[in-house]
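Everything on this sheet refers to the single structure shown next.
Bear in mind that the values in this text are calculations on the coordinates, not laboratory data. On a predicted model such as this, the values are computed, not experimentally measured, just so you know. Cβ atoms come from the backbone with ideal geometry, glycine included; neighbour counts cover every protein chain shown.
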Amino acid sequence: MYTQYPQLFVASWPAAFPPYTGGSPYSFSCEACSRMSQFVAIEGGCFGIVASTVISEKGAERMELTGFPWFKFPGGGFSVIYGPDGSSLTEPVDPDAETIIYADISLDKIAEAKIVTDIMGNYSRFDLLSTTVHSRKQVPVTYVAEGRFLEKE
């Protein structure tokens, strides 16, 4: 994705709740999901729009989620807009209600962020590491020695 120099990415998450709600793992939390999205904004030097699902009590009943300890209804909502430096451009939202968020952005901030973190910039080592996308199924590991592909043993 970063080789395409994105200006904006959008992350859509399922409902997520505060860390360790009902014994849930941290990785399932709204905090973890937000941090992962924030990192993409920083690493990609792009703006990030992050949104999740809010589940109402009626919705939880219809989806047969009531009683599951990791969830708290209504809830699960979190939304934020991140700048390319990872800063939050919006205020925290009510996790129990659908919310519209917005922020003024300047694409000039992308260049500023890439001065500090530009993973596709001058310190990337394409002579040592590259990514190849094939349109057909491939083996997961290919060994190369002195410019020649080695046969699998």
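Among the residues making up the range 2-51, those that are in contact with a Gly (Cβ under 7 Å, 6 or more places away or on another chain) and under 21 Å from residue 105 (Cβ atoms) are 2, 6, 9, 11, 37, 38, 40, 41, 42, 47.
All of (1) free of Cβ contacts under 8 Å to residues at least 60 places away in the same chain; (2) more than 30 Å from residue 130 (Cα to Cα); (3) in contact with a strand residue (DSSP E or B) (Cβ under 8 Å, 6 or more places away or on another chain); (4) not basic (Lys, Arg) hold for residue 68 with one exception: (3). Is it the case that the range 105-114 has a residue that's within 17 Å of residue 17 (Cβ to Cβ) and either crowded, with 20+ Cβ neighbours inside 10 Å or not β-branched (Val, Ile, Thr) (or both)? Taking every residue of the range 105-114 in turn, none turns out to be within 17 Å of residue 17 (Cβ to Cβ) and either crowded, with 20+ Cβ neighbours inside 10 Å or not β-branched (Val, Ile, Thr) (or both).
In the range 35-44 there is no residue that is on the phi < 0 side of the Ramachandran plot and in a loop (DSSP other than H, G, I, E, B). Residue pairs whose Cβ atoms lie under 9 Å apart, separated by 6 or more positions or on different chains, with the first residue in the range 13-27 and touching a residue at least 40 places away in the same chain (Cβ under 8 Å) and under 9 Å from residue 70 (Cβ atoms) and the second part of a loop (DSSP other than H, G, I, E, B) and of a type in the set (Ser, Thr, Tyr), are 17/24.
Restricting attention to the range 98-118, the residues being in contact (Cβ under 8 Å) with a residue 12 or more places away in the chain and closer than 11 Å to residue 79 by Cα number 4. Scanning the range 61-74 turns up no residue that is outside any strand (DSSP E or B), surrounded by 16 or more Cβ atoms within 10 Å (Cβ to Cβ) and within 19 Å of the chain's Cα centre (by Cα).
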